[in-house]
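Quick notes on the structure that follows.
What follows is calculated from the coordinates using simple rules that are stated; it is not laboratory data. Computed from a predicted structure; not experimentally measured. Counting neighbours? That spans all protein chains shown, and the Cβs are built from the backbone with ideal geometry, glycine included.
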């Protein structure tokens, strides 16, 4: 395998730790965004896609670090694999090359849908908790800037 190995790291807030995402991986370059997964404007993801060349390998800790919904996940993976870039998800232990089998495509769809579902459950539980906290008088919301 020729080419460079680069990583993509995304955290949602300034206080989140980026080290654990690709700890121990040998990388030539790391692209890091501090943005919500739902955010469409991720300059380092765009830079990664522009930077990637035939023969390169891109590592991401997990699918939910790359995208929060299935359509976006598939689109990003497809953009990279069309450039002959291998995309490897460390946590899921899955690699996509563009020459993927039906099973690999299925796994991308199922795992991506699961990540989207998991995020929706988290948001639902968060809303329920806020509603209960408001009723109990202990939730005041975020301080205004």
**Report entry** Ranked by how many other beta carbons lie within 10 Å on average, peptides 61-70, 87-96 from highest
**Finding:** 61-70, 87-96
**Report entry** Bridge type composition, the chain - antiparallel percent by DSSP, nearest 5
**Finding:** 20
Query - Cα-projected label distance for residue 117 with residue 130, points at 7 Å along beta-carbon direction, nm - result: 2.5
Query raised in the report: If one takes the longest principal axis of the Cα atoms in the chain, at what angle in degrees, from 0 to 90 and to the nearest 10, does the Cα axis of helix 70-82 lie?
Result: 20
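Any chance you could run the full-extension gain for residue 138 through residue 28? It's 0.36 nm times the residue separation minus the Cα-Cα distance, nm to one decimal.
Numbers: separation 110, 0.36 × 110 = 39.60 nm, distance 4.79 nm.
34.8 nm is the gain from fully extending residue 138 to residue 28.
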Query - Centre separation in Å (Cα based) which lies between the range 127-141 and the range 74-105 - result: 42
Report summary line: Tilt, helix 102-136 to longest principal axis of the chain (alpha-carbon atoms), in degrees rounded to tens, equals 20
Query raised in the report: Between residue 19 and residue 46, what FRET efficiency comes out of the Förster formula 1/(1 + (r/R0)^6) with R0 = 25 Å and r the beta carbon distance, rounded to 0.05?
Result: 0.60
